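Chemist: Structure below; questions to follow.
The values are calculated or read from the model by the stated rules, or taken from the named source; none is laboratory data. Predicted model only: the values in this text are computed from it and were never measured. Note that each Cβ is placed from the backbone with ideal geometry, even for glycine, and that neighbours are counted across all protein chains shown. We work out accessible area using only protein heavy atoms, side chains counted, and drop any ligands, DNA or RNA first. Shrake-Rupley method; radii C 1.70, N 1.55, O 1.52, S 1.80 Å.
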Number of protein chains: 2
Amino acid sequence: MGYLVGEENRGLEYMFIMMNSARYAVGMQGIAIAERAYQKAVSFAKDRVQSRPVDGSIKSSLPIIHHPDIKRMLMTMRAYTEGCRAMAAVAAAAYDAAHHHPDAEVQRQNQAFYEFMVPLVKGYSTEMSQEVTSLGVQVHGGMGFIEETGAAQYYRDARILTIYEGTTAIQANDLVGRKTARDGGQTAKGIAAQIERTEAELASRDSLDARAVLKRLKLARETFIEVVEFVACQSKASPNAVFAGSVPYLMLAGNLVVGWQLARSLLVAEDLAKAGTDVAFMTAKVATARFYAEHILNKAPGIRDSIVEGAGSVTALALEAF
Amino acid sequence: MGYLVGEENRGLEYMFIMMNSARYAVGMQGIAIAERAYQKAVSFAKDRVQSRPVDGSIKSSLPIIHHPDIKRMLMTMRAYTEGCRAMAAVAAAAYDAAHHHPDAEVQRQNQAFYEFMVPLVKGYSTEMSQEVTSLGVQVHGGMGFIEETGAAQYYRDARILTIYEGTTAIQANDLVGRKTARDGGQTAKGIAAQIERTEAELASRDSLDARAVLKRLKLARETFIEVVEFVACQSKASPNAVFAGSVPYLMLAGNLVVGWQLARSLLVAEDLAKAGTDVAFMTAKVATARFYAEHILNKAPGIRDSIVEGAGSVTALALEAF
């Protein structure tokens, strides 16, 4: 005996309502576990005393958070997590506007934006959660591998997130096929145009932070457009070449959108800091955005080369040679 | 009661004989576990049937090894593993020559080369083992997270390798301080000069593979020299800035040396394939070297920017803001 839930012949459609919501939710799991790993690592790094500073400024051992490489790891964790959270929030706002905005055209634009974001929120945030939870273990050193510390559990738990509700490759297929190739890259280029407007705002600032972010954001956005054109033009003629770069394309798009959101937060934070509002918090926002631009967003050109020039070597090896 | 092992007051020196050997050995653990993860993933990918090909060439489902993104993951695993093994073998040969070559000057050169290699064999091979064993889980999909499959154990076991016998940051401190800054970058530049000779050999070939590898190797080597100069010149004046980029410098150096060894294997393999020796094996070597160059070695310029331009943002955040 079975029960019919809802109307006949609409099961697949219902399933996809669930699935899209589940994909977004798994992205949030990635962000949440990354945040928890970050907080735990910060707490440990402020507590654990080991080694004198590399600049010789103090002759005794210090909490490890003073060491530059610990800062590098914590900043990486922090920048990824804050940035992915901003991306997820913007995607959620677009979903709301797609359903509740009074103007039908604005609804349509927001729906297209949201649909482009879902594979990024799912794919990019969960991939970053692997790296962030791994860095969380690393900050703990040997203690990170010890079960009772808890850092290793975040690392293990995060590992399912790039797999369930569609692996990263499935998210990437969605991004390449339904979200990019199907409309000839129009939605993707529309997002790039929005990013260009953020660049113009950055260019109007005289701060070194805004200038540093602008340089990487512009390069990443130009890089992204080249890849979108490659994907849109070649997906029919050379599907194997395009799908050989599908996950790198997802990672590039996610990297760019996150860098963009952090750039937007920098603009707001600079204004508020100047106005004297929550200065310490706003200054931290600016520092985090700049770190992301200089250490993560700057990976974009390398990814482009892999996708556009390197497709052949992905599939060159004979099957028997593996 | 205690026992004196060896002579008095030479304990630390003895310990470091053990430690250097242990560091090399942990690097080999990384390579070994990566190889095992690769073999298991290949075996699964040839067996597991799921989905039709993206190019529509066949109307039925195929073993997943036919899908481009599975090939991308397997090639990444393979290229890292083969390349790090080549690097470790070259380091071991230098160690032998440093101890047994009849010419004292050749001994000295080989000792310096070996000492430069130890943090790379340890640091780079174990960092890559994290990525390779993680990809091994990913190739298995949901089965990878299931304990009885075994892929997750490689992933967990590999996690200690970047920690024990000196974390990656400790290897990087060694590379920056004792191995690069102390001789003003001379050993590092000597290695770059050797790489340039490999480039000249690649340039004398007319194959597209050699040309593709040459392009990335040259760029990575030039990038490396810039970073070596930064490290050598700034390590006294701005130690915090140099050490903020110490791990990225290690990853850049490891990436370059591995790409170089794979380029050398390409040269040998092309000759042997032309001579009719083990053609399938040699062709696979060439394909693997090219994949590495186009998908991994090409990350070098992004890393340089992080180190040379991004040091400030690593340490900008106030301690209270973490």
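Chemist: Out of curiosity, is residue A:196 surrounded by fewer than 23 Cβ atoms within 10 Å (Cβ to Cβ) and modelled with pLDDT under 95?
Modeler: Working: surrounded by fewer than 23 Cβ atoms within 10 Å (Cβ to Cβ): yes; modelled with pLDDT under 95: no.
For residue A:196, the condition - surrounded by fewer than 23 Cβ atoms within 10 Å (Cβ to Cβ) and modelled with pLDDT under 95 - is not met.
Chemist: Report, by residue number, each residue of the range A:142-156 that is more than 10 Å from every other protein chain (Cβ to nearest Cβ) and within 19 Å of the chain's Cα centre (by Cα).
Modeler: Result: A:154, single match.
Chemist: For the range B:23-69, give me the residue count where each residue is open to solvent by 20 Å² or more (accessible area, probe 1.4 Å) and assigned to a helix (DSSP H, G or I).
Modeler: 16
Chemist: Any idea which of (1) over 30 Å from residue A:43 (Cα atoms); (2) in the same structural domain as residue A:69 (by TED's automatic domain parsing); (3) surrounded by fewer than 16 Cβ atoms within 10 Å (Cβ to Cβ); (4) not acidic (Asp, Glu) is the one residue A:89 doesn't satisfy?
Modeler: (1)
Chemist: Hey, another quick one. Find the residue count for the range B:217-248, including only residues that are closer than 21 Å to residue B:198 by Cβ and open to solvent by less than 10 Å² (accessible area, probe 1.4 Å).
Modeler: Of the residues in the range B:217-248, 6 are closer than 21 Å to residue B:198 by Cβ and open to solvent by less than 10 Å² (accessible area, probe 1.4 Å).
Chemist: Which numbered condition trips up residue A:82, out of (1) open to solvent by 60 Å² or more (accessible area, probe 1.4 Å); (2) among the charged types (D, E, K, R); (3) over 17 Å from residue A:183 (Cβ atoms)?
Modeler: The failed condition is (1).
Chemist: Now for a separate question. Among A:121, A:139, A:176, which is within 23 Å of residue A:218 (Cα to Cα) and within 12 Å of another protein chain (Cβ to nearest Cβ)?
Modeler: Numbers: A:121 fails: within 12 Å of another protein chain (Cβ to nearest Cβ); A:139 fails: within 23 Å of residue A:218 (Cα to Cα).
After ruling out the rest, the residue left standing is A:176.
Chemist: Here is a further query. Give the residue that is nearest to the other protein chains (Cβ to nearest Cβ), with candidates limited to residues of the range A:30-47 that are in contact (Cβ under 8 Å) with a residue 60 or more places away in the chain and among the basic types (Lys, Arg). Quick ask: steps written out before the conclusion?
Modeler: To start, the set of residues in the range A:30-47 that are in contact (Cβ under 8 Å) with a residue 60 or more places away in the chain comprises A:30-31, A:33-34, A:36-38, A:40-41, A:44-45.
Then drop every residue that is not among the basic types (Lys, Arg), which leaves A:36, A:40.
Working: A:36: 15, A:40: 12 Å.
The extreme case among them is A:40.
Chemist: If you scan the range B:303-322, which residues turn out to be open to solvent by less than 20 Å² (accessible area, probe 1.4 Å) and facing chain A (nearest Cβ under 7 Å)?
Modeler: B:306, B:310, B:313, B:314, B:317
Chemist: Turning to a different aspect of this structure: Answer with yes or no whether residue A:291 is surrounded by fewer than 24 Cβ atoms within 10 Å (Cβ to Cβ), among the aromatic types (Phe, Trp, Tyr) and within 11 Å of chain B (Cβ to nearest Cβ).
Modeler: In short, no.
Chemist: Name the helices (runs of 4 or more DSSP H) wholly within the range A:226-306 that hold at least 3 residues that are within 15 Å of the chain's Cα centre (by Cα)?
Modeler: Details: elements: A:239-244, A:246-274, A:279-295.
Counting at least 3 such residues, we get A:246-274, A:279-295.
Chemist: Of the residues B:185, B:190, only one is crowded, with 21+ Cβ neighbours inside 10 Å, farther than 30 Å from residue B:74 by Cα, away from every other protein chain (no Cβ under 14 Å) and out of contact with any Pro (no Cβ under 7 Å at 6 or more places or on another chain); which?
Modeler: Details: B:190 fails: crowded, with 21+ Cβ neighbours inside 10 Å.
Result: B:185 is the single residue among B:185, B:190 that is crowded, with 21+ Cβ neighbours inside 10 Å, farther than 30 Å from residue B:74 by Cα, away from every other protein chain (no Cβ under 14 Å) and out of contact with any Pro (no Cβ under 7 Å at 6 or more places or on another chain).
Chemist: Quick one: residue B:88 ticks every box in (1) under 27 Å from residue B:293 (Cβ atoms); (2) within 12 Å of chain A (Cβ to nearest Cβ) except a single one, so which number is it?
Modeler: With (1) under 27 Å from residue B:293 (Cβ atoms); (2) within 12 Å of chain A (Cβ to nearest Cβ) applied to residue B:88, the lone miss is (2).
Chemist: To continue, here is another question. Residue A:73: within 12 Å of another protein chain (Cβ to nearest Cβ) and under 16 Å from the mean Cα position of the chain (by Cα), yes or no?
Modeler: On the way: within 12 Å of another protein chain (Cβ to nearest Cβ): yes; under 16 Å from the mean Cα position of the chain (by Cα): no.
Answer is no for this residue.
Chemist: Oh, and also: Among the residues of the range A:196-225, write down those that are in a loop (DSSP other than H, G, I, E, B) and within 14 Å of another protein chain (Cβ to nearest Cβ). If you could, list the steps in order and put the result at the bottom.
Modeler: Taking the range A:196-225 and keeping what is in a loop (DSSP other than H, G, I, E, B), we get A:204-207.
A:207, the sole residue that qualifies.
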